[in-house]
Amino acid sequence: MQLDLGDSVETVSVLLPIPADRPYSYTVPQDMQLSPGDYVQVPLGPRKVAAVVWDGNPDNVDAKKLRAVEKKFDCPAVPEDMRRFIERVADYTISQPGTVLRGLLRAPGALDPEPPLDGLRWTGDAPERLTAARKRLLDLLAQEPSMAWTRSGLAHAAGVTASVVDGLVKLDLFETVQIPHAPIVAPPQIAERSSPLISEQADAASRLVATVKETGFSTVLLDGVTGSGKTEVYFEAVNAALAQDKQVLILLPEIALTTAFLERFEARFDAPPAPWHSGMPPKQRERVWRQVATGQIRAVAGARSALFLPFQDPGIIVVDEEHDGAYKQEDRLFYSARDMAVMRASIGQFTCVLSSATPSIESRVNANMGRYKSVTMRQRHANAKLPNLETIDMRKDPPPRGQFVSPVLKDAIEAANTRGEQAMLFLNRRGYAPLTLCRVCGHRFECSNCSAWLVEHRFRQQLECHHCGHNEPVPEACPKCGTLDHLVACGPGIERLAEEIDEAFPEAGIVVLSSDMFGGVSRLRLELEAIAKGAADIVIGTQIIAKGHNFPLMTCVGVVDADIGLANGDPRAAERTFQLLSQVTGRAGRAGGKSVGYLQSYAPDHPVIDAIRSGDREAFYEREIALRREHGLPPFTRLVSLIVSANSRNEAADHARALRLTQPRSNDVSVLGPAEAPMALIRGRHRFRLLVRAPRSFDVQSYLCGWFKDAPKTRGSVRVQIDVDPQSFL
């Protein structure tokens with residue numbers, strides 16, 4: 001902040017939530033006191049926007065040319081460590097600070113306090129006529145005579161109708177008072193566990209608790225097999241942070257996991273954490289945001305965007321299922337919530353716990369090199385056994401023509417159901433079939449906006465693009481040759497799999513789960529609860545069923561196409577396949593007893609399939625890490641993807657080539673491309689990619705900033721997106 005003595009007008013720097021690379025300058029009204037971190041409302045063109053007073057000196061501009069701050073919000077200021085985090089995220093992702101600030105200002109309606117509620121406080125008098133209902137109400141009031149109530153809250157607590165309360169109000173037995181809103185969740189209770197941890201869990205928990213108590217920055221990789229009790233272990237670290245009066249953030253990869261997790265947290269701490277995800281009603285989001293900022297909320301469980309909530313005094317961040325691809329955002333601001341969680345903890349000097357049964361290669365290498373502390377758990381909780389894993393060679397035991405489940409796997413499903421146990425089939429393809437074509441002319445149904453086939457969803461009678469959402473009814477005739485009844489579905493999706501299993505097991509209760517099911521997240525939660533209680537015989541689903549669910553009766557798990565992710569040219573294909581299949585098969589046998597996982601494969605000798613079947617996870621990690629090092633892939637090098645897109649192919653190609661020609665020379669940096677992206681067209685935009693590779697120690701962000709200063713400016717529909725540490729190469 002700077003005081004201009006020449007004209008006695010104070011000016012401040014204000015960061016706005018717009019794609020600007022620096023704060024703007026505004027004057028301060030004489031009756032307003034502002035400091036860095038204060039939330040303010042400022043004019044921007046014809047609009048009024050919420051923004052934040054920022055550090056540093058304002059521009060050296062005549063104050064008469066500046067517009068004034070219009071309002072200071074009654075809200076705790078953005079702490080300094082959060083302001084530094086916003087700047088660091090912008091620097092790392094090569095984004096504008098204002099773009100990152102949008103993540104913080106997601107609930108502008110929360111910047112002002114909620115207006116108080118109209119409440120009632122008992123005067124202590126009693127009515128002349130005392131009915132049974134009135135007596136119950138007065139007996140309740142007598143327990144805490146000075147307590148203020150809302151009208152509906154009092155009626156509910158006393159077990160009477162609102163008219164009973166209204167009758168006493170008319171008799172002037174209450175005075176009207178203003179009462180604040182109650183916290184959206186009660187504060188978690190700090191307490192010892194009601195049941196002891198097993199020896200391996202206890203050792204892991206004590207190490208995490210000791211790290212939290214050190215009150216400095218540490219990242220801990222909690223590496224435990226499925227069912228080993230990792231959640232209960234990191235709950236002990238959460239308890240230690242709460243005991244220090246710190247706030248807690250637990251990141252989850254899927255909204256569908258939130259409800260079950262909230263219940264589990266509540267069972268441990270006598271209160272649930274506040275949820276935070278995109279499916280919340282706007283008013284609830286505002287209340288959570290406000291109460292995090294004021295410190296009323298001590299614990300939050302949420303999706304990746306929860307990382308930008310305005311925590312005043314964080315003490316621990318837990319990233320559950322840290323390997324999960326859902327933590328990578330690939331829209332507007334490209335960032336990995338896992339990596340940014342580590343950065344947030346580093347800036348705030350507190351603990352970050354990365355928890356997974358199948359850690360990412362990056363996290364394993366960081367642990368091996370001593371950058372992260374490592375806590376490992378190799379025993380399942382309560383002596384439960386990991387499932388025996390078997391591969392089904394589809395060349396030797398193929399299914400009948402037109403089917404996709406091997407007779408070996410169908411026999412295993414039947415045996416499990418006969419014993420009163422559950423079976424699960426996993427296929428990571430939504431819909432009925434990934435491709436529909438005409439038998440007569442060979443026409444294939446493609447998306448008009450994307451380089452993708454239209455997926456048939458037979459339940460809805462629709463052909464749909466899973467990239468842009470375009471959909472159209474399934475036609476009766478081929479649109480190219482006009483032939484009727486000659487369209488054929490090629491390949492299986494989970495709907496087709498369900499059709500096959502229903503024919504094979506007509507008496508079984510079958511549940512089909514995917515992220516696009518009717519009813520959305522609410523129905524998915526109900527279905528998961530029903531499965532956990534045994535209300536299904538066979539579960540068929542996509543990767544939504546692989547993450548964190550506990551199905552006690554599940555003893556047979558079959559992966560229908562274990563090879564599906566191994567042949568797409570993605571350098572992370574082996575890692576992702578290993579993680580996904582390990583997580584899926586880990587759903588079996590979590591309650592003890594014998595369980596089996598089956599992997600249908602046309603390449604059963606592939607190293608990834610072999611590593612999963614043999615249970616030799618360390619051999620997989622050693623091989624994959626060695627391959628990454630040998631071929632110069634992350635985490636041993638830095639990659640940055642530059643995606644050039646435009647409404648026409650020529651525009652995108654021309655700009656990509658012009659951009660490549662301005663690349664600064666450096667012996668440390670190699671640039672591949674430009675080349676047309678594998679997904680050359682998405683949402684009507686043509687795409688070309690360049691891939692920048694540099695040594696791990698090289699400052700690739702500064703290099704790219706220098707490059708783009710001299711690069712051709714984007715014109716027309718051309719857009720360039722920068723993805724540091726890309727996860728997708730499509």
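Among the residues of the range 93-131, count how many are touching a residue at least 40 places away in the same chain (Cβ under 8 Å) and either part of a loop (DSSP other than H, G, I, E, B) or over 20 Å from the mean Cα position of the chain (by Cα) (or both).
Going through the range 93-131 one residue at a time, the tally reaches 25.
The rows are residues; the columns are (1) in the same structural domain as Lys230 (by TED's automatic domain parsing); (2) buried (at least 23 other Cβ atoms within 10 Å of the Cβ); (3) more than 22 Å from Cys352 (Cβ to Cβ); (4) at pLDDT below 95.
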site: Ala240; (1), (2), (3), (4): yes, no, no, no
site: Val248; (1), (2), (3), (4): yes, yes, no, no
site: Glu254; (1), (2), (3), (4): yes, no, no, yes
site: Arg264; (1), (2), (3), (4): yes, no, no, yes
site: Ala271; (1), (2), (3), (4): yes, no, yes, yes
site: Pro282; (1), (2), (3), (4): yes, no, yes, yes
site: Val292; (1), (2), (3), (4): yes, yes, no, no
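Go through the residues of the range 143-151 one by one and say whether even a single one is outside the structural domain of Ile316 (by TED's automatic domain parsing), touching a residue at least 12 places away in the same chain (Cβ under 8 Å) and of a type in the set (Asp, Glu). For the range 143-151, residues outside the structural domain of Ile316 (by TED's automatic domain parsing), touching a residue at least 12 places away in the same chain (Cβ under 8 Å) and of a type in the set (Asp, Glu): absent.
Checked against (1) free of Cβ contacts under 8 Å to residues at least 60 places away in the same chain; (2) assigned to a helix (DSSP H, G or I), Ser278 passes all but a single condition, namely (2).
Among the listed residues Pro115, Pro145, Pro108, identify the single one that is at pLDDT below 90 and more than 30 Å from Glu80 (Cα to Cα).
Pro145
Being outside the structural domain of Arg719 (by TED's automatic domain parsing), buried (at least 16 other Cβ atoms within 10 Å of the Cβ) and more than 30 Å from Ala337 (Cα to Cα), is that true of even one residue in the range 71-90? Looking through the range 71-90, at least one residue is outside the structural domain of Arg719 (by TED's automatic domain parsing), buried (at least 16 other Cβ atoms within 10 Å of the Cβ) and more than 30 Å from Ala337 (Cα to Cα). Among the numbered criteria (1) in contact with a helix residue (DSSP H, G or I) (Cβ under 6 Å, 6 or more places away or on another chain); (2) modelled with pLDDT of 90 or more, which one does Arg458 miss? Condition (2) is where Arg458 drops out. Scanning the range 694-718 for residues that are surrounded by 15 or more Cβ atoms within 10 Å (Cβ to Cβ) and out of contact with any helix residue (DSSP H, G or I) (no Cβ under 9 Å at 6 or more places or on another chain) turns up Phe698, Val700, Tyr703, Leu704. Only residues that are within 18 Å of Ser515 (Cα to Cα), without any contact (Cβ under 8 Å) to a residue 40 or more places away in the chain and of a type in the set (Gly, Ala, Ser): list them for the range 430-482, please. Listed by number, the list holds a single entry, Gly469. Looking at Leu425, is it assigned to a helix (DSSP H, G or I), under 30 Å from Ile501 (Cβ atoms) and not charged (D, E, K, R)? No, not satisfied. Where residues in the range 172-183 are surrounded by 15 or more Cβ atoms within 10 Å (Cβ to Cβ) and among the aliphatic types (A, V, I, L, M), which of them is farthest from Ala243 (Cα to Cα)? This residue is Leu173. Phe350 - would you say it is under 21 Å from Thr211 (Cβ atoms) and not assigned by TED's automatic domain parsing to the domain that holds Arg83? In short, yes.
The set of residues in the range 175-200 that are over 30 Å from Glu286 (Cβ atoms) and either within 26 Å of the chain's Cα centre (by Cα) or hydrophobic (A, V, I, L, M, F, W, C) (or both) comprises Ala191, Leu197, Ile198. When you scan the range 417-428, do you find a residue that is more than 30 Å from Gly534 (Cβ to Cβ) and in contact with a Gly (Cβ under 6 Å, 6 or more places away or on another chain), even just one? No; the residues of the range 417-428 include none that is more than 30 Å from Gly534 (Cβ to Cβ) and in contact with a Gly (Cβ under 6 Å, 6 or more places away or on another chain).
Scanning the range 640-675 for residues that are surrounded by fewer than 21 Cβ atoms within 10 Å (Cβ to Cβ), of a type in the set (A, V, I, L, M) and part of a helix (DSSP H, G or I) returns Ala653, Ala658, Leu661. Of all the listed residues (Arg439, Arg419, Arg344), the sole one being surrounded by 15 or more Cβ atoms within 10 Å (Cβ to Cβ), on the phi < 0 side of the Ramachandran plot and charged (D, E, K, R) is Arg344.
Would the range 575-586 turn up any residue that is of a type in the set (Lys, Arg), in contact (Cβ under 8 Å) with a residue 12 or more places away in the chain and farther than 30 Å from Ile255 by Cβ? No, that holds for no residue. Here Ser522 does not qualify as in a loop (DSSP other than H, G, I, E, B), surrounded by fewer than 19 Cβ atoms within 10 Å (Cβ to Cβ) and out of contact with any Pro (no Cβ under 8 Å at 6 or more places or on another chain). Being touching a residue at least 24 places away in the same chain (Cβ under 8 Å) and either surrounded by 22 or more Cβ atoms within 10 Å (Cβ to Cβ) or outside any loop (DSSP other than H, G, I, E, B) (or both) holds for only one residue in Ala191, Ala186, Ala204, and it is Ala204. In the range 50-68, of all residues being at pLDDT below 95 and buried (at least 17 other Cβ atoms within 10 Å of the Cβ), the one that is farthest from the chain's Cα centre (by Cα) corresponds to Ala63.
Counting only strands (runs of 3 or more DSSP E) that fall entirely inside the range 536-633 and contain at least 3 residues that are surrounded by 24 or more Cβ atoms within 10 Å (Cβ to Cβ) and more than 25 Å from the chain's Cα centre (by Cα), the qualifying elements are 554-559, 596-601.
The values are calculated or read from the model by the stated rules, or taken from the named source; none is laboratory data. This structure is a prediction, so every number in the text was calculated from the model and none was measured. Backbone-built Cβ (ideal geometry, glycine too); neighbour counts: all protein chains shown.
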